1. Net charge around residue 137, counting only other residues with Cβ within less than 15 Å of its Cβ (Lys, Arg = +1; Asp, Glu = -1)?
2. Expressed in nm to one decimal, what extension gain is obtained for the pair residue 15 and residue 165 from 0.36 nm per residue of sequence separation less their Cα-Cα distance?
3. Positive end of the charge dipole of segment 3-180 (Lys, Arg +1 and Asp, Glu -1 on Cβ, about the Cα centre): tell me which of 47, 21, 66 has its Cα farthest that way.
4. Can you report the principal axis dimensions of segment 6-96 using only the alpha carbons, biggest first, rounded to whole angstrom?
5. List, in order, the whole-Hz ³J(HN,Hα) value for each residue of segment 120-135 obtained from phi through the Karplus relation with A = 6.51, B = -1.76, C = 1.60 and θ = phi - 60°; use x for Gly and Pro.
6. Take each of the peptides 107-115, 20-28, average the number of other beta-carbon atoms within 10 Å over its residues, and list them starting from the highest.
7. With only Lys, Arg, Asp and Glu charged, each at its Cβ (+1 for the first two, -1 for the last two), find how big the charge dipole of segment 3-180 is about the Cα centre; round to the nearest 20 debye.
8. How would you rank 75, 157, going from fewest to most other Cβ atoms within 10 Å of each one's own Cβ?
Amino acid sequence: MNQVNIHTQVSSRKALDDFVTKCKLEFPEEVAQLFENYTRVIWQHKCPGKIHKFYCDETVCYGEGGRKTIGTDEIVAGTLGFMRSFPERICDFVDIFAEGNEEEGYSFGQATRFNAVNTGYSKFGPPTGKSLQRDGEYCHSICECRVKKVEGRWRIIEEWVIESAEAINETLQFDPRENLK
């Protein structure tokens with residue numbers, strides 16, 4: 001990677017971090033921008049520790065197939081597992097919106113698409129080298145969150161996430177017979 005690209009990435013992360021740090025969550029548009037920037041810092045700049053800034057021990061995250069994750073530590077662990085399996089994942093925001101107010105809190109929804117290749121170990125075993133992309137189509141993720149003040153700080157208290165689970169699981173399934181070809 002050349003110096004210009006490194007500088008651009010650092011500047012981009014700094015700009016994202018600055019917005020996340022200074023955001024006051026005073027109106028829905030700011031909430032939408034905050035969580036888009038925050039998501040980019042976590043996934044594109046590999047900063048899963050930032051999850052602690054907006055999640056709390058009471059956060060409940062619901063996923064497909066009845067999956068339920070409770071608390072910041074479990075959410076960070078799940079994120080780290082996915083990052084380890086797909087280290088080059090990049091999120092492309094399709095849309096994000098928010099509604100609500102400072103008194104009652106906010107709800108926001110976001111739709112993203114992504115692609116990545118399984119180049120890292122996962123709970124299923126060694127890397128498969130398979131892409132998440134199927135028939136030229138990216139994977140998609142739809143997420144909805146409730147944001148409220150917890151102990152004086154804005155936190156995500158509930159999250160619902162649906163991703164392209166079938167493609168993800170299929171990509172992670174290592175088939176030793178494929179190495180014989």
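1. Numbers: positive: 113, 130, 134; negative: 92, 135, 163, 166, 170.
Net charge around residue 137: -2.
2. Details: separation 150, 0.36 × 150 = 54.00 nm, distance 3.20 nm.
Value of the extension gain: 50.8 nm.
3. 47
4. Dimensions of segment 6-96 along the principal axes of its Cα atoms: 38, 33, 24 Å.
5. Values per residue, Gly and Pro as x: x, 5, 10, 5, 8, x, x, x, 9, x, 8, 8, 6, 5, 10, 6 Hz.
6. On the way: 107-115: 17.8, 20-28: 12.9.
The most tightly packed comes first, giving 107-115, 20-28.
7. Details: 22 positive and 29 negative charges, 154 e Å.
Computed about the Cα centre, the dipole is about 740 debye.
8. Numbers: 75 21, 157 17.
Sorted ascending by nearby Cβ count, the order is 157, 75.
Every number in this text was worked out from the coordinates using simple rules, so none of it is lab data. The model shown is predicted, which means the values in this text are computed figures rather than measured ones. Quick reminder, even Gly has a Cβ in these numbers, built from the backbone with ideal geometry, and neighbours come from all protein chains shown.
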